[in-house]
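I have placed the structure first, in the form of structure tokens, so that the comments after it can refer back to it.
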Amino acid sequence: RARTMSVTVGDVELNPRDVAAISRGVGPESLTLTIRAFPFGRGWFGAVRKRRCGTRHRDVELRFKSERELELERDRLTRLCMPNGATWSDAEKKKRLLVLVNPAAGKGNDVSAYERDVAPVLECAFDRARIDVVVTTRRGEAQERVASMDLQNTAAVVCVGGDGTIAEVFNGLMSRGGAAEKFPIGMIPAGSGNAIAKSLAHAGGEPCDRASAALAVARGHIAPLDRAEVSGQRVGSLLITRTRSGRKITSPAAAGLGPTAGSSAGNGDAAATAA
């Protein structure tokens, strides 16, 4: 997670955990940096709402006189605002991003919710043309697609649904074995319970809403979790259980992107993206 709660960007102060992208202009604007952030909204009397919205963002534009000045400021902002001082690499951004939307999850409005709260955030990290959105039509389809997708040309798979959708994707990856077991999974809470996304969001000190989950994916924060095997049969479990004292008593399997800083990785052969 970002190391400070306030970063000076030009004449304004931004919460570094709100920053989704630091992008450079092209052509005549090549000496320009644009920082896009998704801050929390505000309610009555200016009270901060602990949730984000994909349609509400803030852009800060910085102009420089030289290439050197631009590079120094971009490096500073990346170091202070992005997880571990880095985000998606240029090579990863050239890959595809697979988004699986389960329209039957939760209240059944996942498609419109994706377009409103998720797509605007993901497009900060990936060009729209490189985002493949698949609306599933039947049970088991997400697992089948993940089990046969091209891992070499895909940066991550993002689930817009509930715990069942995530379980399908995870089991599809586990069935492939090898490098697939460490493949990043983005978890966007759109189901009825969202236990997995809530667990990860709580561990990272973030709210469990769609835009915040998409922001974790856009920022490229990889959080490894453990994998459990029972009686020789691989069983996927993504939840983190803690006692009242805060001691973690179980941490089974998954690979993903999310703000779960501080969770141990056990055998460390899986990753998970979350809210």
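Observations
- Output for region 182-212, where each listed residue is β-branched (Val, Ile, Thr) and either more than 12 Å from the chain's Cα centre (by Cα) or open to solvent by 20 Å² or more (accessible area, probe 1.4 Å) (or both): 196
- Residue that is farthest from residue 155 (Cα to Cα), among those in region 69-96 that are modelled with pLDDT of 90 or more, among the acidic types (Asp, Glu) and open to solvent by 50 Å² or more (accessible area, probe 1.4 Å): 69
- Against the test of being open to solvent by 70 Å² or more (accessible area, probe 1.4 Å), aliphatic (A, V, I, L, M) and either touching a Phe, Trp or Tyr at 6+ places or on another chain (Cβ under 7 Å) or in a helix (DSSP H, G or I) (or both), the options 179, 113 yield a single qualifying residue, 179.
- Residues of region 116-128 satisfying the condition of being open to solvent by less than 70 Å² (accessible area, probe 1.4 Å) and outside any loop (DSSP other than H, G, I, E, B): 117, 118, 119, 120, 121, 122
- Set side by side, the residues 46, 25, 54 differ, and just one is out of contact with any Gly (no Cβ under 9 Å at 6 or more places or on another chain), open to solvent by less than 90 Å² (accessible area, probe 1.4 Å) and at pLDDT below 90, which is 46.
- Selection status of residue 51, touching an Asp or Glu at 6+ places or on another chain (Cβ under 7 Å) and part of a loop (DSSP other than H, G, I, E, B): yes
The values are calculated or read from the model by the stated rules, or taken from the named source; none is laboratory data. Because the structure is predicted, anything quoted here is derived from the model rather than measured. Backbone-built Cβ (ideal geometry, glycine too); neighbour counts: all protein chains shown. Note: accessible area is taken over every heavy atom of the protein model, side chains too, but ligands, DNA and RNA are not part of it. Shrake-Rupley method; radii C 1.70, N 1.55, O 1.52, S 1.80 Å.
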